[in-house]
Amino acid sequence: AQSVTQPDARVTVSEGASLQLRCKYSYSGTPYLFWYVQYPRQGLQLLLKYYSGDPVVQGVNGFEAEFSKSNSSFHLRKASVHWSDSAVYFCVLSVGNYAQGLTFGLGTRVSVFP
Amino acid sequence: EAAVTQSPRSKVAVTGGKVTLSCHQTNNHDYMYWYRQDTGHGLRLIHYSYVADSTEKGDIPDGYKASRPSQENFSLILELASLSQTAVYFCASKDNYEQYFGPGTRLTVL
C-alpha cells in the first residue's frame, strides 16, 4: 500500500525567510503528487501538482516543489514567506487508479512570525 | 462559483441519532468521495462513488453509509452517530488524478 510521510509536524519561520517542507512517499509505480494548503477553518486548496516532466513545478503564491524519483520525495519550497502563509500544508499522493482516493500525509503546520 | 458544495456547514448531533451530510457538485465528474479529518491530521477516505446508484467502501467505512442518487449528489449517512464520529467531513469530486474539495462540514456529536 502507498503512504506519505511528512516528518515535520510544525515549522516556525520568520517573515521574509525561506521555507522548505519535506515530503517522502512510498509507492512502487508512477506517483501523482500534490501539495494542498488548509487555512484555519477552511477547506483544502491546491498549491501545485506533479504528473510528469520537469521535476520542478511552480504553484500559486510563489510556491514550488521538486520531485525526486530516486529519493521518493516531493519537497515544497518558498523563497520568502509572508505572515499569510501560516497554515497547514499537506503532501498528497494519487496512484492514478481512477477508483482510488488520495493518500494524505499528516500535514505540517507552518507558523510565520513577523 | 463553487463547484463542490456541502450542507450543512456545521451540525451538532446527539449520540445515537441519524445524521445526513450532503454534497453537490457541478463539475460533471463521475467520481465523488467522502473524507473525514480529525484534529491535527490529514484526510481519510470513508466512501466513494464512480457512478450514480453505486457506492464503494474506502479505508474507514465502519459506521457510515453513502448514497449517490445522481451524478451531482453524494450523501454520507450516519445511522447511529457516536462520539468518535466528531470530525470535519470533506466531499470531493475528481477528474483524472486531481480532486476538488468542498468547504467541509464540521460535525459535533454530543
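The numbers here are math on the coordinates, done by the rules we state, and not lab data. Note that this is a predicted model, so its numbers are computed, not measured. We place every Cβ from the backbone using ideal geometry, glycine too, and count neighbours over all the protein chains shown.
Evaluated over the Cα positions of chain B, the convex hull gives a direction-averaged projected area, one quarter of its surface, of 6.4 nm². Peptide B:34-41 has a mean shielding of 3, counted as Cβ atoms of other protein chains within 10 Å of each residue's Cβ. Rg then Dmax, both in Å and based on the Cα atoms of segment A:1-51: 13.3, 39. By its C-alpha gyration tensor, with a ≥ b ≥ c as the square roots of the eigenvalues, how is chain A shaped: rounded for a/c under 1.5, else prolate for a/b larger than b/c, else oblate? Judged from the Cα gyration tensor, chain A comes out prolate (a/c at least 1.5, a/b above b/c).
Of the residues B:TYR33, B:ILE77, B:LEU43, the one whose Cα sits farthest towards the positive end of the charge dipole of segment B:30-86 is B:LEU43 (charges of +1 on Lys and Arg Cβ, -1 on Asp and Glu Cβ, taken about the Cα centre). If R0 equals 30 Å, the separation of the Cβ atoms of B:SER67 and B:LEU110 corresponds to a calculated FRET efficiency of about 0.75.
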